[in-house]
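Below is one structure; the comments refer to it alone.
The values are calculated or read from the model by the stated rules, or taken from the named source; none is laboratory data. None of the values given here were measured: they were computed from a predicted structure. Here the Cβ is made from the backbone with ideal geometry for all residues, glycine too, and neighbour counts use every protein chain on show. Quick note on the areas: whole protein, heavy atoms, side chains included, nothing else; ligands and nucleic acids left out. Shrake-Rupley method; radii C 1.70, N 1.55, O 1.52, S 1.80 Å.
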Amino acid sequence: QVQLVESGGGLVQPGGSLRLSCAASGIILRFNAMGWYRQAPGKQRELVAVIFRGGMTNYADFVKGRFTISRDNAKSTVYLQMNSLKPEDTAVYYCGARNGLGEYGSWGQGIQVTVAS
């Protein structure tokens, strides 16, 4: 088990940027992947981006070209750089640690991102 703590959320205007951070209590490379998910009111949690142990990344179509996932192994921290934000990006964003079976066994508490004028 690992503790994950998200930070960097808040209120931003459309077209603006935010960088989310996810600090882990342990070595993140022991996990198969680290992912960012989000959940908007009344909607299911959905995958935003994932970074695998080897460095490969995957993105949901709705954020491709706007969001970038990265990590700092020395700091055990995963980042989500979000640019060109849209009102529909408003959601609670969660960081998760994925094991070799593809299961997310650990989640952060979530952080609110609100995109509004």
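Of all residues in the stretch 31-47, those satisfying the criterion of being out of contact with any helix residue (DSSP H, G or I) (no Cβ under 6 Å at 6 or more places or on another chain), surrounded by 12 or more Cβ atoms within 10 Å (Cβ to Cβ) and more than 11 Å from Val92 (Cα to Cα) are Phe31, Asn32, Ala33, Gly35, Leu47.
Taking the criterion of being buried (at least 17 other Cβ atoms within 10 Å of the Cβ) and polar (S, T, N, Q), would at least one residue in the stretch 93-104 satisfy it? Scanning the stretch 93-104, I find no residue that is buried (at least 17 other Cβ atoms within 10 Å of the Cβ) and polar (S, T, N, Q), so the answer is no. Going residue by residue through the stretch 54-68, is there one that turns out to be open to solvent by 50 Å² or more (accessible area, probe 1.4 Å), aromatic (Phe, Trp, Tyr) and modelled with pLDDT of 95 or more? Yes, the stretch 54-68 contains at least one residue that is open to solvent by 50 Å² or more (accessible area, probe 1.4 Å), aromatic (Phe, Trp, Tyr) and modelled with pLDDT of 95 or more. Search the stretch 69-78 for residues being surrounded by fewer than 16 Cβ atoms within 10 Å (Cβ to Cβ) and among the charged types (D, E, K, R), and hand back the single one that is nearest to Gly15 (Cα to Cα). Ranking the candidates gives Asp72 first. Scanning the stretch 1-30 for residues that are surrounded by fewer than 17 Cβ atoms within 10 Å (Cβ to Cβ) and of a type in the set (Ser, Thr, Tyr) returns Ser7, Ser17, Ser25.
Scanning the stretch 1-30 for residues that are under 15 Å from Val50 (Cα atoms) and either in contact with a helix residue (DSSP H, G or I) (Cβ under 7 Å, 6 or more places away or on another chain) or hydroxyl-bearing (Ser, Thr, Tyr) (or both) yields Ser21, Ile28, Leu29. Of Ala23, Ala40, Ala74, Ala49, all but one fail to be closer than 21 Å to Ala116 by Cβ and free of Cβ contacts under 8 Å to residues at least 60 places away in the same chain; the exception is Ala40.
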